[in-house]
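Shown next, in structure tokens, is the structure this report addresses.
The values are calculated or read from the model by the stated rules, or taken from the named source; none is laboratory data. Source: prediction; values computed, not measured. So basically every Cβ, Gly included, is an ideal-geometry build from the backbone, and we count neighbours across all protein chains shown. Ligands, DNA and RNA are stripped out before the accessible areas are found, and what is left, the full protein with its side chains, is counted by its heavy atoms. Shrake-Rupley method; radii C 1.70, N 1.55, O 1.52, S 1.80 Å.
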Amino acid sequence: MGEGGLEAELERRVAEGRAATPRLVGASELGSEQGSTLERTAPDWTGLPLRVTACLGRARALAALDRPSDGRGASGRDFQEEYVEWRLVRDERGIRRVELTTELADRWKVLAAHDPATVVELVAELAREPAVTATEVFGDYDPSGPRATPDGRERAFAATMLGPEPRSALNDGRRAICCMTQRTNSLGALISLAAAALQPRSVTLSGGLGRRSPNMHELQPLLGRVAQPGRASDPIIVERLARLAFEGRPVALERPLALCLLGVQSERLRTPSGEVVPPEWFAFERPGAPRDSSSGRGRPQRLTLEVPAGEGFRVSDLVDAATEAPIRFGGQIAELVQVALPLVVGPEAPGRPAVVEAVTPVISRDRMTALGCEEISHEAGRLEARP
Amino acid sequence: MNLRARHRIQPGVFFAAGERPPSCWRLLLIDFRAGAAPQRAGAALERILNVLADLRGGRVRDLEGQPPKDAEATAGQFADLTALLAVGRALFDADRHDPPLTRSQRPDYVAYLPRGRALAGLPWAVAERPGEADIALQLTANCEAAVNCAAVEVWKLITDEALPLTIAASFSGFSRPDRRGWLDFHDGVSNLEADQRLAAIEALPDPAWMGGGTYLAFLRLGIDLATWRSLAPPEQELLVGRDKLSGAALRATRSDARGARVPVTPEPPEAGDELDWVDPPQTTDPLLEASHIHRANQSRASADAPGAWRMFRQGYDFLETLGPEAPLAGLNFVSFQRDLSVVQHVLHLPGWLGGVDFGGLAGDDRANPVDHGLVTVRAGGLYAVPPREAPFPGATLFAR
């Protein structure tokens with residue numbers, strides 16, 4: 001299956017999920033309707049889970065986020081809920097490498113369904129191993145057998161690499177991280193969130209000042225569980241989409257369908273001698289080439305931080321100048337990373353759209369109430385209790 | 001329950017609806033003397049705050065028993081004086097205070113500003129890098145005499161009672177009724193809406209002693225007015241992101257007769273569009289995206305979105321010197337936020353203010369950002385503002 005086929009299949013899955021709102025359109029529909037008046041925007045956020053740090057406190061959260069999988073139960077990846085997940089590669093001297101990914105599991109499932117050989121090669125490449133077996137990727141299912149089907153391969157891949165637990169070491173971080181597995185870091189969750197946020201709504205301002213787009217706190221009763229308050233990601237995405245809907249603008253997810261890593265605050269990191277870490281130590285990958293994006297810009301989905309071999313020190317010898325803390329956790333790097341959701345947007349409708357739903361203005365109050373800290377604390381406690 | 005009753009933010013942060021910061025400001029930076037004991041250190045701070053509170057009641061230490069009419073004048077002079085106490089990175093520095101003055105945990109982002117560049121695209125103007133201290137005391141009032149006399153009363157108290165303190169530095173500033181800054185553009189127009197501010201500034205209890213407080217970022221930014229005035233108004237407008245005369249946010253650019261990109265003058269707002277006129281929707285014009293107002297608030301999201309990096313700004317201009325050379329003028333950038341990571345993200349993130357000193361397109365090489373040479377840091381520090389508590393904010397830090 002070529003890239004075009006992969007994208008078409010993903011587009012089909014998006015279409016299945018977006019039936020709830022006509023304002024989330026397919027990229028092809030937007031292009032044909034609007035000609036050259038399209039605009040591109042990409043709401044962005046950083047990768048450290050803010051809800052988890054708010055609930056647990058920063059120190060406890062950083063530790064929880066890195067709890068490794070034991071191959072049987074939950075891991076810190078379950079807390080990595082900002083559409084980016086990571087793993088640490090350690091040796092006897094400390095953290096050697098940090099690998100982050102925003103790759104959607106759905107993309108890998110489609111590829112596994114139609115091109116299992118490529119998937120196996122890719123997994124080996126990301127694991128930095130000469131080869132991996134099909135069994136490690138597809139379990140007991142023979143992806144090239146005479147009875148293999150796309151549906152069968154996809155299910156086998158999902159069961160082996162995505163979980164629920166246990167997951168293959170080739171995606172749970174023990175040997176590699178290929179794509180996201182946290183249950184809300186999915187294409188389905190993203191589509192549900194977008195569909196819910198793109199309903200045209202407004203808040204009427206007092207004093208005849210007109211109307212404005214509602215904020216996350218005001219939308220929460222209407223969105224239910226599709227958007228989680230307190231995260232870095234969901235409120236940013238919700239408020240941007242709500243604003244676009246308020247303006248009457250159709251929206252499409254940019255092709256290729258992906259969340260991407262726009263940049264990293266590399267200037268914050270210092271070497272042991274106090275020098276600013278060279279930006280080249282951060283490798284943006286998959287895809288990095290501008291031609292992979294309909295916008296002409298690069299849309300990397302993978303980022304690796306590794307100190308070159310000859311330097312004589314490790315990632316864990318680096319210091320974040322903003323906190324004066326040595327790098328001891330993956331979350332400290334995720335915090336520097338800029339994750340984005342590329343969107344294509346049609347022109348603003350003339351005049352304001354007819355209000356579909358009026359929203360009651362709310363003055364921001366206790367923001368801890370809706371965070372679900374009890375559940376997070378409980379899960380963190382379970383991880384900490386593990387030997 | 002009114003707003004003041006349901007939070008513990010110290011006076012001096014004017015975030016409630018209808019509040020405007022007083023027009024005069026002074027920041028007093030104070031260090032504890034080497035070897036000061038925690039109890040004595042805490043007692044010294046409590047003494048200072050009590051004396052400042054006495055000023056509001058018209059009581060001056062050296063004028064005990066002055067005639068009622070004069071006491072009334074004194075009370076009038078200091079009537080709206082606020083004193084906000086903040087603690088800096090230096091207080092937690094074991095190299096400066098051995099034994100330590102506090103056993104409380106340092107908030108992670110209360111850190112020294114780095115040596116090389118103060119923050120991302122902002123270079124230091126002076127080698128000494130002033131602005132760090134154990135304690136920052138922010139004084140505000142509508143009368144310059146009030147903040148200046150209050151500062152001197154602090155010095156008198158330290159001297160007279162041999163308090164274990166020294167005044168490290170002092171900075172002053174003023175606000176402008178015309179709501180413009182030294183760049184001649186409107187400044188502070190798109191500050192947070194009042195109903196958003198408490199959510200944006202109220203700190204979580206991490207560490208516990210900071211729950212209900214806030215964090216203060218202070219950057220004394222020198223502005224090279226000669227360089228700024230060498231730019232044509234359209235260039236200035238593209239850097240700022242606003243129309244120079246009306247203050248309206250720019251919404252589009254066009255090519256002029258020479259092929260240069262210039263702003264399209266915004267139309268006056270229609271009824272119901274005032275918010276967009278002040279704070280427009282997200283733009284995709286690369287020049288407008290790179291302007292200051294867009295960089296400083298990329299997401300346009302509310303304070304309910306913690307990833308929006310919203311801060312409440314309460315800055316004051318300064319004029320340090322004016323002689324035959326260009327004036328040494330600038331902005332005391334002061335912001336309050338629920339966590340200082342907000343400031344770090346805004347000033348480091350690509351596409352936000354990372355890699356630029358003010359606005360405009362950034363260079364490809366992050367190590368050498370395009371630098372208009374407009375802004376330098378003359379002093380700066382990051383501070384924790386403890387919540388109100390008895391007997392004084394931050395008392396917990398010095399308790400044994």
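In chain B, what percent of the accessible surface is made up of carbon and sulfur (1.4 Å probe, ligands and nucleic acids excluded)?
53
Considering only B:GLU132, B:GLU193, B:GLU161, give the residue with the highest GNM mean-square fluctuation for chain B, with springs between Cα atoms whenever their separation is below 10 Å.
Among B:GLU132, B:GLU193, B:GLU161, the largest GNM mean-square fluctuation belongs to B:GLU161.
When the solvent-accessible surface of protein heavy atoms is calculated with a 1.4 angstrom probe, in what order do A:SER206, A:SER213 fall, highest first?
Details: A:SER206 100, A:SER213 20 Å².
Result, largest first: A:SER206, A:SER213.
Return the single residue from B:PRO268, B:PRO205, B:PRO327 with maximal mean-square fluctuation; model: Gaussian network over chain B, springs between Cα atoms under 10 Å.
Taking springs between Cα atoms under 10 Å, the residue moving most is B:PRO268.
List the residues, sorted by chain then number, that are 5 or more residues from B:ARG378 or on another chain and whose placed amide H is less than 5 Å from its amide H.
Answer set, sorted by chain and number: B:ALA125, B:ARG220, B:LEU221, B:GLY222.
Looking at segment B:294-309, which residues lose a minimum of 10 Å² of accessible area between their chain alone and all protein chains in place, measuring with a 1.4 Å probe and not counting ligands or nucleic acids?
Output list: B:GLN298, B:SER299, B:ARG300, B:ALA301, B:SER302, B:ASP304, B:ALA305, B:PRO306, B:GLY307, B:TRP309.
Checking the cross-link filter: which aspartates and glutamates have an alpha carbon closer than 18 Å to that of B:LYS156, excluding same-chain neighbours under 8 positions apart?
Cα-Cα hits under 18 Å: B:ASP31, B:GLU46, B:ASP54, B:ASP62, B:GLU64.
Could you work out how far apart the two model spin labels at B:VAL264 and A:SER273 are, taking each label as a point 7 Å from the Cα in the direction of the beta carbon, and quote it in nm?
5.2
Given a 10 angstrom Cα cut-off, can you work out which residue in A:GLY76, A:GLY298, A:GLY210 is the most mobile in a GNM of chain A?
Of A:GLY76, A:GLY298, A:GLY210, the Gaussian network model singles out A:GLY210 as fluctuating most.
When Cβ neighbours within 10 Å are restricted to other protein chains, what is their mean count per residue of peptide B:106-117?
4
How much solvent-accessible surface does B:THR284 expose, in Å² to the nearest 10, with a 1.4 Å probe and all protein chains in place?
Only protein atoms counted, so the area is about 40 Å².
Let me have the 222 nm mean residue ellipticity of the protein assembly as shown computed from DSSP H runs of 4+ only, each contributing -39500 (n - 2.57), with the sum over all residues rounded to the nearest 500. List each step's numbers first, then the result.
Values: 24 runs with 218 residues, N = 787.
Rounded to the nearest 500, the figure is -8000 deg cm²/dmol.
Could you run the Karplus curve 6.51 cos²θ - 1.76 cosθ + 1.60 with θ = phi - 60° over segment B:314-321 and give me ³J(HN,Hα) per residue in whole Hz, x for Gly and Pro?
Per residue, the Karplus-derived 3J(HN,Hα) values read 8, x, 9, 6, 9, 10, 7, 8 Hz.
For a quick protection proxy, order the peptides B:230-237, A:53-60 by their average other-Cβ count within 10 Å, most packed first.
Result, highest mean first: A:53-60, B:230-237.
Starting at the first residue of segment B:62-73, write each ³J(HN,Hα) from the Karplus equation 6.51 cos²θ - 1.76 cosθ + 1.60 with θ = phi - 60°, in whole Hz, x for Gly and Pro.
In residue order, the calculated couplings are 7, 10, 4, x, 5, x, x, 5, 6, 5, 5, 5 Hz.
Work from the charge dipole of the protein assembly as shown (Cβ charges, +1 for Lys and Arg, -1 for Asp and Glu, about the Cα centre) and give the residue of B:ILE48, A:TRP86, B:LEU287 farthest towards its positive end.
The residue sitting most towards the positive pole is B:ILE48.
Can you give me the accessible area per residue for the protein assembly as shown, using a 1.4 Å probe, in Å²?
That works out to 40 Å² per residue.
Along the Cα→Cβ direction, 7 angstrom out, place labels at A:THR149 and A:HIS378. What is the inter-label distance in nm?
For the pair A:THR149/A:HIS378, the computed spacing is 3.9 nm.
Can you tell me, using C-alpha contacts under 8 Å and at least 6 residues apart, the relative contact order of chain B as a whole percent?
27
Could you rank B:PHE318, B:PHE174 by how accessible they are, 1.4 Å probe, largest area first? Numbers along the way, then the final one.
On the way: B:PHE318 5, B:PHE174 70 Å².
My answer, sorted largest first, is B:PHE174, B:PHE318.
Sticking with the crude label model, points 7 Å out along Cα→Cβ, report the distance from B:ALA145 to A:ARG328 in nm, one decimal please.
5.5
Residue-wise, which Karplus ³J(HN,Hα) couplings in Hz belong to segment B:152-166, taking 6.51 cos²θ - 1.76 cosθ + 1.60, θ = phi - 60°, and x for glycine or proline?
With the stated coefficients, segment B:152-166 comes to 5, 4, 5, 4, 4, 4, 4, 5, 5, 9, 6, 5, x, 9, 9 Hz.
Output the 0 to 90 degree angle, nearest 10, between the alpha-carbon long axis of helix A:105-114 and the longest principal axis computed from the alpha carbons of chain A.
It is inclined by approximately 70 degrees.
Give me, ordered by chain and number, the residues 5 or more places off A:THR46 or on other chains with an amide H under 5 Å from its own placed amide H.
Under 5 Å from the amide H of A:THR46: A:VAL339.
Whenever you get a sec, line up A:ASP234, B:ASP160 from highest to lowest accessible area (probe 1.4 Å, protein heavy atoms).
Result of the area sort, largest leading: B:ASP160, A:ASP234.
Using a Debye calculation, one point per C-alpha and no hydration shell, please list log10 I(q)/I(0) for the protein assembly as shown at q = 0.06, 0.09 Å⁻¹ in order.
Log-scaled intensity ratios, in q order: -0.40, -0.89.
At a probe of 1.4 Å, how much accessible area disappears from chains A and B on forming the pair, both sides counted, to the nearest 100 Å²?
Protein heavy atoms only, the A-B interface buries about 3800 Å².
Zone of B:ASP256 (label point 7 Å along Cα→Cβ, backbone N under 13 Å): which residues in segment B:214-237?
Counting backbone N atoms under 13 Å from the label point, the list is B:231-237.
Per-residue Cβ counts within 10 Å, from other chains only, averaged over A:331-340: what number is that?
2
Once you have the Cα-Cα distance between B:LEU245 and B:THR321, take 0.36 nm times their residue separation minus that, and quote the gain in nm to one decimal.
24.7 nm
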